[in-house]
Amino acid sequence: MKQSFKTSKLYYGFPIFILGYQDQNFGHNITTCSSSYSLGDWLVIGVGAEENAADQIKHYQQFTVNIPGEHFMLEMEQAGFISHREKLEHLGLDYEISERTQAPILKACLVVLDCQVDRIIEEDGICHIFAKILDRLADPELLDDKGHFKNDRFAPTYFMGDGNQRVYRYLDDRVDPMGSFIKKARKKMTRAELPERIETERLVLRVRTVADAEDIHAYASLPEVAYPAGFPPVKTLEDEIYYLEHILPERNQKDNLPAGYGIVVKGTDTIIGSVDFNHRHEDDVLEIGYTLHPDYWGRGYVPEAARALIDLAFKDLDLHKIELTCFGYNLQSQRVAEKLGFTLEARIRDRKDAQGNRCDSLIYGLLKSEWEVD
Ligand SMILES: Cc1cc2nc3c(=O)[nH]c(=O)nc-3n(C[C@H](O)[C@H](O)[C@H](O)COP(=O)(O)O)c2cc1C
């Protein structure tokens, strides 16, 4: 349960800004503030009725809101600690005068709002100034070629704390588009599910169970299968059972991956290989992987199985892209990638395989738009 906490004030994070205004005594002046609210063209700020800023804004009915970044902390504090004096010349600040409001626009502040007072409610020693935003100004470096705001380039400083201690809180440059968390949660809620069993011309692809442990161990224990696929040979049948019961389902759960398939030749019931997704790189980009018992190499089973999985995944899992990684020495895998229409996107040099041998790591990619969707 939450605890009611007694404090004289609680600033829960307000962007610091510097009011610019005309001054009857000094021509132009500035005062640091943080209490503000804005929606649409309205802006409300709270200014102590005793501050010079309140008197001057009451008189001229116009002001600018200059929003500084971290580089301006000293000047920001000076403008917030000195009162009823001339501050612009005193602090040696570069500014121009706004044509709309005749208030100062500080060069160092990358975002500035020109505001016109609509009404002032004065109560308990505070002037709540309701104003209309006449113009929004931004330094060109904050606008992209379409004139849209570059959110990750602008980092105001936040004022927060309680009656005990107040601090400046800085932003880093991470941004997430509005709506992205809901979108991700929705994606997570729809479990990535594929049918338990599908058929291709020569193969049956079906979900593996622990009953298949022996079949799978027969090839996953072979160095020529395991190392190129990126894992050390599975030593014992118990290890294989543990993999099928724990490691595989937990990985799939964590990354929201579909169960993947064991490869069975039609007319038999032995799993001779696998084709599945082993990594989620983005919410709509998965990495495909495959293995095959050497007794069945050279028959085109892997491309046949992978083609079926890719087709299903593009249609049913709403994927944008499928990636595939293999080592430079794994020519068979590269041939599979090429047969399936993947494009080689990167050669990462001098990686190590599961044996510690230096080799290149190749990354292939296939976009949904490149897949022959029927
Ligand atoms: C980080 C910071 C935030 C401030 N926020 C406000 C505010 O929201 N409202 C206010 O009236 N004063 C605020 N102040 C205090 C005024 O800036 C300060 O009292 C200033 O000296 C007043 O100057 P003036 O009398 O020349 O207008 C703040 C000061 C700092 C340093």
* Asked: Going by the conditions given, is Glu70 within 10 Å of the ligand (Cβ to nearest atom) and out of contact with any helix residue (DSSP H, G or I) (no Cβ under 6 Å at 6 or more places or on another chain)?
  -> no
* Residue in region 28-37 that is within 12 Å of the ligand (Cβ to nearest atom), surrounded by fewer than 15 Cβ atoms within 10 Å (Cβ to Cβ) and in contact (Cβ under 8 Å) with a residue 24 or more places away in the chain present -> no
* Residue check for Val117: touching a Pro at 6+ places or on another chain (Cβ under 9 Å) and assigned by TED's automatic domain parsing to the domain that holds Ile57 -> no
* Going through region 90-139 one residue at a time, which ones are over 21 Å from Glu50 (Cα atoms) and aromatic (Phe, Trp, Tyr)? -> Tyr95
* Asked: Got at least one residue in region 336-344 being more than 30 Å from Arg197 (Cβ to Cβ), touching a residue at least 24 places away in the same chain (Cβ under 8 Å), surrounded by fewer than 17 Cβ atoms within 10 Å (Cβ to Cβ) and assigned by TED's automatic domain parsing to the domain that holds Ala229?
  -> yes
* Being surrounded by fewer than 16 Cβ atoms within 10 Å (Cβ to Cβ), over 34 Å from the mean Cα position of the chain (by Cα) and not in a loop (DSSP other than H, G, I, E, B), is that true of even one residue in region 8-15? -> no
* **Condition met for Glu122 (acidic (Asp, Glu), more than 16 Å from the ligand (Cβ to nearest atom) and more than 29 Å from the chain's Cα centre (by Cα))** => no
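Matching residues to (1) outside any strand (DSSP E or B); (2) touching a residue at least 40 places away in the same chain (Cβ under 8 Å):
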site	(1), (2)
Asp318	yes, no
Leu324	no, yes
Tyr329	yes, yes
Ser333	yes, yes
Ala346	no, no
Asp350	no, no
Ala354	yes, yes
Cys359	no, no
Leu362	no, no
* Check region 286-304 and report whether any residue there is polar (S, T, N, Q) and part of a loop (DSSP other than H, G, I, E, B). => no
* Identify, please: which residue in region 272-307 is aromatic (Phe, Trp, Tyr) and within 33 Å of the chain's Cα centre (by Cα) and is, among those, farthest from Ser369 (Cα to Cα)? -> Tyr290
* Asked: How many residues, within region 46-63, are part of a strand (DSSP E or B) and near the ligand (Cβ under 7 Å from one of its atoms)?
  -> 3
* Tell me, yes or no, whether region 280-297 has at least one residue that is under 21 Å from Val234 (Cα atoms), touching a residue at least 40 places away in the same chain (Cβ under 8 Å) and either among the acidic types (Asp, Glu) or in contact with a Pro (Cβ under 6 Å, 6 or more places away or on another chain) (or both). => no
* Answer from Tyr219, Tyr227, Tyr242 - the residue that is over 23 Å from Ser361 (Cβ atoms) and either assigned to a helix (DSSP H, G or I) or at pLDDT below 95 (or both) -> Tyr242
* Asked: Taking region 78-119 as the search range and keeping residues that are of a type in the set (S, T, N, Q) and surrounded by fewer than 19 Cβ atoms within 10 Å (Cβ to Cβ), which one is nearest to the ligand (Cβ to nearest atom)?
  -> Ser83
* Within the bounds of region 172-193, is there any residue that is more than 25 Å from the chain's Cα centre (by Cα) and either aromatic (Phe, Trp, Tyr) or modelled with pLDDT of 90 or more (or both)? -> no
* Out of region 16-27, which residues are within 9 Å of the ligand (Cβ to nearest atom), touching a Ser or Thr at 6+ places or on another chain (Cβ under 9 Å) and outside any loop (DSSP other than H, G, I, E, B)? -> Phe17, Ile18, Leu19, Tyr21
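The values are calculated or read from the model by the stated rules, or taken from the named source; none is laboratory data. All values reported here derive from a predicted model rather than from experimental measurement. Every residue, glycine as well, gets a Cβ built from its backbone with ideal geometry; the counts of neighbours run over all protein chains shown.
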